[in-house]
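Here the structure comes first, spelled out in structure tokens, and everything after it is commentary.
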Amino acid sequence: MTQRQNGRIANDGQRRISVLGSTGSVGTNTLDLISRERDKYDIVALTAHSNAALLAEQAKELRPQIAVIGDEEKASDLKDALNGSGIEIAAGRSALIDAASEPADWIMSAIVGAAGLEPTLSAVEQGATVALANKETLVCAGSFFNERLKEKGATLLPVDSEHNAIFQVFDFERPERVEKVILTASGGPFRTRDRATFETITPAEAVAHPNWSMGAKISVDSATMMNKGLELIEAYFLFPIEISQLDVLVHPQSVVHSMVEYVDGSVLAQLGSPDMRTPIGYALGWPDRVHTPSPKLDLADVGRLDFFAPDYDKFRCLWLARQALDQGGGAPAILNAANEIAVQAFLSEKLGFLDIVTIVEETLDAVEDWPLDSLPAIKALDAEARRCAQSLVDQHIQR
Ligand code: NAD
Ligand code: MG
């Protein structure tokens, strides 16, 4: 029997699960898998930023111990919707971080952006198994995060499809036999579009990803290919490899999710339909495998698999991210913060598509780096980079 702090008792064998960012694309896919085998899980916490209606609906169905909304202005909507349900409700940033420290066996980290860092750290601090979708956590605090992980003996399972693929085929017993880690990239919606027309790209065009259905921010990151840049940094902190061993290969069909090349010339890959429920299901079932409703891969139907080298001139964000990884220290954190500000400004139609890379580059040039050896130091650098990027955005708007 598993006894919980609040006295509720979970049935024998049930896993206590929390989903941070339950209303997002990864969050809803996670809940979809959980609802299919509802009896196996005891839901501890569900969290969202501002979608109180969806969070309430999820809570009514899954009966978590606690439902947390980040945006305090939405607290009363959530309270009204869950009135009389017996589900505990909390609101605000610190409640969100506290929710991640509620005892759980498995915690999905699916908040978008650096906002996910502290809740994810909080999940690590309790030594839980953390399924990590929130790549920005590793980008802005990779070394510090890994230290906390080691100290707490927490388990990290990568959910990002590329890293999940690598995790499945990486020989952790013999990392010295790995020659290369090759991340595949779809190339996004503008892979074949003439760069001369990039200036006129609208947010609607940028979020229309050809293969994956995802949240707005990661969709824009895929369109600029910053997403693959963030993923290079994520891979560096997830796997025991050198930066020089990391490669990117454009693969428009998104069937080969990534590959590991060994010293003998063997290349191992993980393949599947582009459906996040496969990597999420892998993390949920690990070390076992679970059934998922993802469409089974029909290679005869796919017919052909293409691969190209990435175009770093056309997609300069990818190049900037590589540079930031090479530079190390706080550079990835500055890159990430500036990108979040620039993407938000683009989505609210205050900036053009090509301005995103300009803001990121100018912020990287302007912000002085400092050692990221504590959470306050990480938060301060993130805040400083955001302040700088925002003032650059404001200047752009005035031009
Ligand atoms: P999304 O925008 O669809 O959902 C984000 C979730 O985070 C929502 O539940 C939202 O309420 C919550 N949130 C947003 N801002 C918040 C804040 N300030 N504080 C607390 N909660 C906040 O995003 P997504 O596409 O599900 O992506 C989530 C994360 O997973 C991102 O880091 C993304 O890079 C990564 N990821 C997503 C996919 C995908 O297929 N969507 C694939 C790989 C990796
Ligand atoms: Mg990915």
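The values are calculated or read from the model by the stated rules, or taken from the named source; none is laboratory data. The structure displayed is predicted, hence computed values, not measured ones. Positions of Cβ are backbone-derived with ideal geometry, glycine not excepted, and every protein chain shown enters the neighbour counts. What goes into the accessible areas is simple: the full protein's heavy atoms, side chains included, and nothing from ligands, DNA or RNA. Shrake-Rupley method; radii C 1.70, N 1.55, O 1.52, S 1.80 Å.
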- Message: Go through region 100-138 and report how many residues are away from ligand 2 (no atom under 16 Å from the Cβ), open to solvent by less than 10 Å² (accessible area, probe 1.4 Å) and polar (S, T, N, Q).
- Response: 1
- Message: Please go through (1) free of Cβ contacts under 8 Å to residues at least 60 places away in the same chain; (2) under 21 Å from residue 98 (Cα atoms); (3) more than 7 Å from ligand 1 (Cβ to nearest atom) for residue 48 and return the number of the only condition it doesn't satisfy.
- Response: (3)
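Yes or no, residue by residue, for (1) among the small types (Gly, Ala, Ser); (2) in the same structural domain as residue 41 (by TED's automatic domain parsing); (3) at positive phi:
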{"site": "137", "(1), (2), (3)": "no, yes, no"}
{"site": "144", "(1), (2), (3)": "no, yes, no"}
{"site": "189", "(1), (2), (3)": "no, no, no"}
{"site": "193", "(1), (2), (3)": "no, no, no"}
{"site": "196", "(1), (2), (3)": "yes, no, no"}
- Can you give me the ranges of the strands (runs of 3 or more DSSP E) entirely in region 208-310 with at least 1 residues that are open to solvent by less than 30 Å² (accessible area, probe 1.4 Å), of a type in the set (S, T, N, Q) and under 27 Å from residue 106 (Cβ atoms)? 256-262, 267-271
- Can you tell me which of 172, 167 is outside any helix (DSSP H, G or I) and either of a type outside the set (Lys, Arg) or open to solvent by less than 60 Å² (accessible area, probe 1.4 Å) (or both)? 172
- Query: Restricting attention to region 19-44, and to residues there that are among the β-branched types (Val, Ile, Thr) and away from ligand 2 (no atom under 16 Å from the Cβ), which single residue is surrounded by the fewest Cβ atoms within 10 Å (Cβ to Cβ)?
  - Reply: 28
- Query: In the set 199, 136, 147, which member is over 22 Å from residue 220 (Cβ atoms) and modelled with pLDDT of 95 or more?
  - Reply: 147
- Query: Of all residues in region 267-299, which are touching a strand residue (DSSP E or B) at 6+ places or on another chain (Cβ under 8 Å) and over 27 Å from residue 219 (Cα atoms)?
  - Reply: 267, 268, 286
- Task: Give the residue that is farthest from ligand 1 (Cβ to nearest atom), with candidates limited to residues of region 107-138 that are of a type in the set (Val, Ile, Thr) and either out of contact with any strand residue (DSSP E or B) (no Cβ under 7 Å at 6 or more places or on another chain) or not in a strand (DSSP E or B) (or both).
- Result: 124
- Task: Provide a single number: the residues in region 203-248 that are over 16 Å from residue 114 (Cβ atoms), in contact with a helix residue (DSSP H, G or I) (Cβ under 7 Å, 6 or more places away or on another chain) and aromatic (Phe, Trp, Tyr).
- Result: 2
- Query: What is the residue count in region 81-106 for residues that are touching a helix residue (DSSP H, G or I) at 6+ places or on another chain (Cβ under 8 Å), of a type outside the set (Gly, Ala, Ser) and not in a helix (DSSP H, G or I)?
  - Reply: 4
- Query: Looking at 309, 383, which one is in the same structural domain as residue 192 (by TED's automatic domain parsing), more than 23 Å from residue 147 (Cα to Cα) and of a type in the set (Gly, Ala, Ser)?
  - Reply: 309
- Query: Only one of (1) open to solvent by 30 Å² or more (accessible area, probe 1.4 Å); (2) more than 16 Å from ligand 2 (Cβ to nearest atom); (3) touching a residue at least 60 places away in the same chain (Cβ under 8 Å) is not met by residue 194, so which one is it?
  - Reply: (3)
- Sole exception among (1) hydrophobic (A, V, I, L, M, F, W, C); (2) over 17 Å from residue 29 (Cα atoms); (3) within 12 Å of ligand 1 (Cβ to nearest atom); (4) within 21 Å of the chain's Cα centre (by Cα) for residue 55, by number: (2)
- Identify, from the list 48, 95, the residue that is surrounded by 24 or more Cβ atoms within 10 Å (Cβ to Cβ) and in contact with a Ser or Thr (Cβ under 9 Å, 6 or more places away or on another chain). 48
- Query: Do we have residue 78 as touching a residue at least 60 places away in the same chain (Cβ under 8 Å), surrounded by 16 or more Cβ atoms within 10 Å (Cβ to Cβ), away from ligand 2 (no atom under 16 Å from the Cβ) and not in a strand (DSSP E or B) here?
  - Reply: no
